[in-house]
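One structure is given below, encoded as structure tokens.
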Amino acid sequence: MEKDVRMLVARLLAHQYLPRQDLLVRKALTDEPFRQELESRLHACGLKFLDSPYAGHVTLALDRDMEQGVLGEHETWVSNTMNLDRSAIALLIVLWALVILPKRQRQLERKEWGENQEQTELFADEKPLETGRKVSAPVSRNALIADFGDKLGKSTRIKMNLGTLARLGFIVQRQEEIFEGPLLDLLLDYNQLAGRVLDGALHDLLGRHLSDVLPPATPDDQGEGEEPTDV
């Protein structure tokens, strides 16, 4: 077991992320003693194993109490640990909302991308949870620039930031389409962001793009919004 733990940590450090189907990753997800040994060794180094049943990959991250000591010299560490500027962070959040929120809705309903969202299926809860392209739809780069260019820094800035996000593993660019990258649904916390996007300042900006996952407006909602939950 010791060699397998060392091998998994070394591969995660070398490759940044690994697919859930990897043999050692599957062992970490299903073998409790192996997982405990892995987490103990990582904790001793200020790291933690990061996984989500909704994501197709796993990765390593800094323990929360290590962040300031490791990243405190950078001005941006409080808002992000990858030294992204404000325009890149804004683009990342928009892409997360456009890709992950509809994806999560499909996952919870056990439906695939392109499947009739009105159609209900008997025993849908018993279907396996998909994490790949079957549930994660791409975003058109041209549509992104047309719809959000005035808010995210125009075409040149957006294309530059897309390249940065792709290098960091958040997205994958194929021709004119932007796909979910290995880290998009791992490093951004759904529980923290979803409410802020759906109920907060981005609601109006993203509303028509997220009609399938936004709750319908009610008379009580008119003119009176709830404060997003502090985290």
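What follows is calculated from the coordinates using simple rules that are stated; it is not laboratory data. None of these values were measured; they are calculated from a predicted model. Glycine also receives a Cβ, built like all others from the backbone with ideal geometry; neighbour counts cover every protein chain displayed.
A few comments on the model shown:
- Backbone geometry of segment 23-31 corresponds, through the Karplus equation with coefficients 6.51, -1.76 and 1.60 at θ = phi - 60°, to 3J(HN,Hα) couplings of 4, 6, 5, 4, 5, 5, 8, 10, 9 Hz, x marking Gly and Pro.
- Sites residue 26 and residue 167, calculated FRET efficiency, Cβ-Cβ separation with R0 25 Å, nearest 0.05: 0.35
- Residues in segment 82-95 carry Karplus couplings, in order, of 10, 6, 7, 7, 4, 5, 5, 5, 4, 5, 4, 5, 4, 5 Hz; the curve used is 6.51 cos²θ - 1.76 cosθ + 1.60 with θ = phi - 60°, and Gly or Pro positions show x.
- Whichever lysines have a C-alpha closer than 21 Å to that of residue 159, once near sequence neighbours (fewer than 8 apart) are set aside: 151
- Backbone HN-Hα couplings from phi across segment 133-138 [Karplus 6.51/-1.76/1.60, Hz, Gly and Pro as x]: 5, 5, 10, 10, 8, x
- A crude spin-label estimate for the pair residue 93 and residue 155, with each label 7 Å from Cα along the Cβ direction, gives 2.7 nm.
- Among the listed pairs 3/48; 48/103; 103/134; 27/48, those beyond 20 Å (Cα-Cα): 48/103
- Cα-centre dipole for segment 125-203 with unit charges at Cβ (Lys and Arg positive, Asp and Glu negative), debye to 20: 480 debye
- Rg/Rg_ref, segment 1-100, where Rg_ref = 2.2 N^0.38 Å and atoms are Cα: 1.22
- Distant-in-sequence amide contacts of residue 171, defined by a placed amide H-H separation under 5 Å and a gap of 5 or more residues or a different chain, comprise 166, 181.
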